[in-house]
Amino acid sequence: MIEDILKERILVLDGAMGTMIQKLEFTEEQFRTERFKDHLCPLGGNNDLLSITQPDAIKNIHEQYLLAGADIIETNTFSSTSIAMADYQMEDLAYELNYQSAKIAQEVAQKISNQNPNQPRFVAGSIGPTNKTASMSPDVNDPGFRAVSFDELFDAYREQVAGLVEGGVDILLVETVFDTLNAKAALFAIQDYFLEKKIKLPIMVSGTITDLSGRTLSGQTIEAFTISVSHIPLLSIGFNCALGAGQLRPYLKRLSKITPFHTSVHPNAGLPNPFGEYDQSPKEMAGLIEQFLDQNLINIVGGCCGTTPEHIRHIADVVNQYKPRKLPNPSHV
């Protein structure tokens, strides 16, 4: 169904989950609740845990984005792998985090879809990069060392995919890819799960250009990154995080020329100020997004760090005035 809709119009992705959670200023006790009151290490900042301990707050954030015009909401699972949850000694909670996050997101999406059946809403299972890299050493004195193996990443992602799909997501989104080898482990885990369960869901991949060199953190150019993941029949490929819309435009332009897949972008609300905050207004960001639309570069657009429902509302208003990018038929020479 979503593939058919993308032929007719540009779809709007939601904005930042973390930005909205920070505004709620939950205390350590609110992160824990009664269930985790005796947990051995601090849990403040474990935003994914809130899908279990403060589900109504997460539902409310999803609903705000949907009412602002988002067609796709992302599950609150960016760090919901056993690898990332090791920071909080919660590795065993990974499946439940994904299942519950998918379940509550789908509940809200169905509620809003029922209110307006002409605009069905979708849930994308957010699969983050973890806090480890398979391609580089964290130790400058030992460049051959790796903090994680491909097999370990595969196992962690396989568990995450199972929780997301069984919780009811419509799409799987491998996002904020700074190391393509990590992403390949995620994609392999997705394929393995699909093969075992004899199912198939659309897959989105979104990489991160870490600076103005136009490369991922592991050193790939836009073209190399695109080729590295194009063995999978993707719904879309694109970029998110690290940069604002203004900085991402030249890289998205290059991507849109070479990929036969739909393109996506969900940039930050500009670059962070010295206090780590994002100052770009909804109107300013929507104006920069409109330049993408004028050049026919995108099929799916939303927001990353610093964006709010108000940013998504402005973006959705602009998007409605444009047709989606037509897919090219690039040469394989």
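Every number here is computed from the coordinates shown, using simple stated rules; none is lab data. Given the structure is predicted, the values throughout are model-derived calculations rather than measurements. Ideal geometry is used to build each Cβ from the backbone, glycine not excepted, and the neighbour counts take in all protein chains shown.
Find the relative contact order for the chain and round it to a whole percent, using C-alpha pairs within less than 8 Å whose residues are 6+ positions apart.
Relative contact order of the chain: 19 percent.
With θ taken as phi - 60° and the coefficients 6.51, -1.76 and 1.60, list the Karplus ³J(HN,Hα) couplings across region 251-267 in order, rounded to whole Hz; mark glycine and proline as x.
These are the phi-based 3J(HN,Hα) values: 6, 5, 4, 5, 4, 5, 7, 10, 9, x, 8, 4, 10, 10, 8, 9, x Hz.
Give me the number: length gained by fully extending Glu196 to Leu67, i.e. 0.36 nm times residue separation minus the C-alpha to C-alpha distance, one decimal in nm. Intermediate results must be reported in sequence, preceding the final value.
Working: separation 129, 0.36 × 129 = 46.44 nm, distance 3.65 nm.
That pair, Glu196 and Leu67, stretches by 42.8 nm at full extension.
Note the full-extension length gain between Thr221 and Lys323 as 0.36 nm times their separation in residues minus their Cα-Cα distance, in nm to one decimal. Before the final figure, lay out the partial values.
On the way: separation 102, 0.36 × 102 = 36.72 nm, distance 2.83 nm.
Contour length minus Cα-Cα distance gives 33.9 nm.
Once fully extended, how much extra length lies between Glu107 and Lys23, figured as 0.36 nm per residue of separation less the alpha-carbon to alpha-carbon distance?
27.9 nm
Where nothing but the Cβ of Lys and Arg (+1) and of Asp and Glu (-1) is charged, how large is the charge dipole of the chain around its Cα centre, in debye to the nearest 20?
1280
So, R0 is 41 Å and r is the distance between the beta-carbons of Asn60 and Asn141; what FRET efficiency does that work out to, to 0.05?
Efficiency computed from Cβ-Cβ geometry: 0.30.
Under a straight-distance cross-link criterion of Cα-Cα below 12 Å, which aspartates and glutamates are reachable from Lys257, leaving out those fewer than 8 residues away in the same chain?
In chain and number order, the partners are Glu223.
Using only alpha carbon pairs under 8 Å that are at least six residues apart, calculate the relative contact order of region 145-195 and give it in whole percent.
In percent, rounded to a whole number, it is 55.
Could you compute the net charge surrounding Glu8? Neighbours are other residues with a C-beta less than 13 Å from the C-beta of Glu8; K and R count +1, D and E count -1.
Taking every other residue near Glu8 into account, the sum is +2.
Neighbouring Cβ atoms within 10 Å as the yardstick, rank Cys241, Cys304, Cys41 fewest first.
Arranged by neighbour count, lowest to highest, Cys241, Cys304, Cys41 become Cys41, Cys241, Cys304.
One-quarter of the Cα convex hull surface for region 106-207, in nm²? Numbers along the way, then the final one.
On the way: hull surface 28.9 nm².
Averaged projected hull area, Cα only: 7.2 nm².
Report the antiparallel proportion of the DSSP beta bridges in region 198-322 as a percent, rounded to a multiple of 5.
Roughly 15 percent of the beta bridges in region 198-322 run antiparallel, per DSSP.
Which of the peptides 216-225, 193-202, 43-52 is most tightly packed, and how do the rest follow, going by the mean number of other Cβ atoms within 10 Å of each residue? Show your work: numbers first, answer last.
Details: 216-225: 18.6, 193-202: 13.2, 43-52: 21.8.
Answer by packing, highest mean first, reads 43-52, 216-225, 193-202.
How much mean residue ellipticity at 222 nm does the chain get from its helices, if each DSSP H run of length 4 or more adds -39500 (n - 2.57) and you divide by all residues, to the nearest 500 deg cm²/dmol?
Values: 13 runs with 145 residues, N = 333.
One gets -13000 deg cm²/dmol as the mean residue ellipticity at 222 nm.
What are the extents of the Cα atoms of region 2-319 along their three principal axes, in Å, largest first?
Computed over region 2-319, the largest-to-smallest principal extents equal 54, 49, 49 Å.
Taking the Cβ of each residue in Phe188, Phe261 as the centre, tally the other Cβ atoms inside 10 Å and list the residues starting with the fewest.
The order, fewest Cβ neighbours first, is Phe188, Phe261.
How far is the Cα center of region 1-28 from the Cα center of region 249-301, in Å?
So the two Cα centres are separated by 15 Å.
Considering only Leu327, Gly270, Gly69, whose Cα is most displaced toward the positive end of the charge dipole of the chain, charges sitting on Cβ of Lys, Arg (+1) and Asp, Glu (-1)?
My answer, from the dipole projection, is Leu327.
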